[in-house]
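The values are calculated or read from the model by the stated rules, or taken from the named source; none is laboratory data. As the structure is a computational prediction, the values presented were derived from the model and not from experiment. All Cβ positions, glycine included, derive from the backbone under ideal geometry; neighbour counts span all protein chains shown. Ligands, DNA and RNA are stripped out before the accessible areas are found, and what is left, the full protein with its side chains, is counted by its heavy atoms. Shrake-Rupley method; radii C 1.70, N 1.55, O 1.52, S 1.80 Å.
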Amino acid sequence: MKYFCYQIGIELKNQLTSLRKEFFRKTIHICTAFVPLFLHIARLPAILCLGAAGISYIIAESLRWNGHEIPLISDITAAAARKRDENKFVLGPVTLVAGIITTALLWNENAAAVGIFALAFGDGLASLAGKTFGKIRVPYTHGKTVEGSLTCFAAIFSSTFFVTNRCDMALTVAVAGALIEVLPLKDFDNLLIPVLLGALVTYF
């Protein structure tokens, strides 16, 4: 009985740790929703700052991966890293910055805002919803849930309608975004979601 209770306690502790990491990581993710505002105010400086942040992270993470801890940056990376990232170069922040910069360079301000908001809110909230109350697993998606996908759809629909004021556009983008998010793309959804949805708004 003691062993059983011990195992339950360990499992609960692991789940809480995973949920805490997810909340921390997705809080950073959701903060990228401020990027369209910065792009509107000062587009070039915003892109240059994003690029500098991305390069700084790559250098710091490369050093951490080789056993040289960088104050603050390495601590943040460790606090946010998933189990699958253990003993690996944590790629998520790189694809996040790359996706935002590519979107900002390729598309006009509104289309870029839709793509970046979809990444911030759609992808960010989908993961939190799935981890927090997701019960129904979507087959062949490495643990994605129906609840997470519905949250993603609702978030993208709302943010797209806010930018475009078009229900048909919001519905189309939300469906596309939810379909991309549910795919087992690991960290590469950070790149595909904003770029593809920005393209959809541009050519819809």
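Using 0.36 nm per residue of separation minus the Cα-Cα distance, give me the extension gain between Ser158 and Arg20 in nm, one decimal.
Contour length minus Cα-Cα distance gives 47.1 nm.
Among 173-180, 63-70, what's the highest-first ranking by average C-beta atoms within 10 angstrom per residue?
Top to bottom by mean Cβ count within 10 Å: 173-180, 63-70.
For Cys49, what accessible surface area do you get with a 1.4 Å probe? Give it in Å², rounded to 10.
The accessible area of Cys49 comes to roughly 90 Å².
What pairs from Lys88/Lys131; Lys144/Lys186; Lys88/Lys135 go past 20 Å between their alpha carbons? Working shown, then result.
Working: Lys88/Lys131 23 Å; Lys144/Lys186 11 Å; Lys88/Lys135 29 Å.
With Cα atoms farther than 20 Å apart: Lys88/Lys131; Lys88/Lys135.
Could you give the length gained by full extension between Leu185 and Ala199, i.e. 0.36 nm per residue of separation minus their alpha carbon distance, to one decimal place? Mind dumping the intermediate values first?
Values: separation 14, 0.36 × 14 = 5.04 nm, distance 1.90 nm.
3.1 nm is the gain from fully extending Leu185 to Ala199.
Residue separation times 0.36 nm, minus the C-alpha to C-alpha distance between Leu106 and Cys49: what's the value?
Full-extension gain reported as 18.8 nm.
Roughly how compact is region 17-59, stated as its Cα Rg over 2.2 N^0.38 Å to two decimals?
Here the answer is 1.42, to two decimals.
Given a Förster radius of 45 Å and the C-beta distance between His68 and Phe34 as r, what FRET efficiency does 1/(1 + (r/R0)^6) yield to the nearest 0.05?
The computed FRET efficiency comes out at 0.90.
How large are Rg and Dmax for region 122-170 when only the alpha carbon atoms are used, in Å?
12.1, 35
Using only the Cα atoms of region 89-204, what semi-axes does the equivalent ellipsoid have when each is the square root of 5 times a gyration tensor eigenvalue? Give whole Å, largest first.
22, 17, 10
Using modelled backbone amide H atoms (1.01 Å from N, in-plane), which distant-in-sequence or interchain residues come within less than 5 Å of Thr145's amide H?
For Thr145, the qualifying residues are Val138.
Give me the percent of the accessible area of region 121-167 that comes from carbon and sulfur atoms, probe 1.4 Å, all protein chains in place. Before the final figure, lay out the partial values.
Details: 1820 of 2640 Å².
Roughly 69 percent, rounded to a whole number.
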